[in-house]
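The structure appears right after this line, and notes come after that.
The values are calculated or read from the model by the stated rules, or taken from the named source; none is laboratory data. Source: prediction; values computed, not measured. Note: ideal-geometry Cβ built from the backbone for every residue, glycine included; neighbour counts use all protein chains shown.
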């Protein structure tokens, strides 16, 4: 069976890279931890994991958007088929960089929220953990999201517009979400719901990138 | 080469809810300081920049403010003051 390659990006302050790496290995990816200065990427999947890149200076993801890797992502998306996944801080970086529309603001109640929440994605409802202080998705016109698949909160925890927990750009293979799927894949005594997200991505790569049915 | 000091502030756009501002409002009311109070929380920056002219310095500061200090989708920046320093 073909093993797809996944690169997990480490910025200064990233702290979810190991769980992400382990989860993707478990799903069947060949994983590689790469530095944010890297621009020569030859993997099928690039993951911007959770954490506090550059200490969240100025605002979450604001400084990371200038890293060589993030700056090269826009060209890479145009050049070849590559799946980009942003988890939590990764979502913040992707919106700050303009790779995904909108912006992510401080939670509506101003608190750090750390708990399991129910989300819906592709007609499935399941729970995943969130852990963020800045997770309130904002966009000036919701019409701008008409070509995106939306991952929604069942009970909006942070004041996100239209209950948005994540976005999936089907055309450009970019997915980003605030919940942490990597925390619920192999962790004992936790659900295995994170597999739903990673297996979905693996299937997309299989079908759309390699034509494996 | 001149040396210029810029004072800049950033804040969320007025149409966007500001939880930190709301907390300051709430506490001001609770302490009976004022019932009519509207607070927007932002950030303040002092930047010293070297440039050949004030116009060039302003252009450089605009780039810093638009790209690094603020996100134009949700935030506004204001140049509060600028001066040449020796």
Matching residues in segment A:101-140 (at pLDDT 95 or above, loosely packed, with under 15 Cβ neighbours inside 10 Å and more than 16 Å from residue A:181 (Cβ to Cβ)) number 1
Just wondering, is there one or more residues in segment A:11-19 that are crowded, with 16+ Cβ neighbours inside 10 Å and under 24 Å from residue B:65 (Cβ atoms)?
yes
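Residue-by-condition table, conditions (1) touching a helix residue (DSSP H, G or I) at 6+ places or on another chain (Cβ under 8 Å); (2) modelled with pLDDT under 95; (3) part of a helix (DSSP H, G or I); (4) within 14 Å of chain A (Cβ to nearest Cβ):
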site	(1), (2), (3), (4)
B:3	no, no, no, no
B:7	no, no, no, no
B:23	no, yes, yes, yes
B:35	yes, yes, no, no
B:40	yes, no, no, yes
B:55	no, no, yes, no
B:80	no, no, no, no
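Per-residue answers, yes or no, for (1) within 11 Å of chain B (Cβ to nearest Cβ); (2) part of a strand (DSSP E or B):
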{"residue": "A:109", "(1), (2)": "yes, no"}
{"residue": "A:117", "(1), (2)": "no, yes"}
{"residue": "A:130", "(1), (2)": "no, yes"}
{"residue": "A:152", "(1), (2)": "no, yes"}
{"residue": "A:172", "(1), (2)": "no, no"}
Report yes if some residue within segment B:55-72 is more than 17 Å from the chain's Cα centre (by Cα), surrounded by 12 or more Cβ atoms within 10 Å (Cβ to Cβ) and farther than 26 Å from residue A:92 by Cα; otherwise report no.
yes
Just wondering, is there one or more residues in segment A:157-166 that are away from chain B (no Cβ under 14 Å) and surrounded by fewer than 23 Cβ atoms within 10 Å (Cβ to Cβ)?
yes
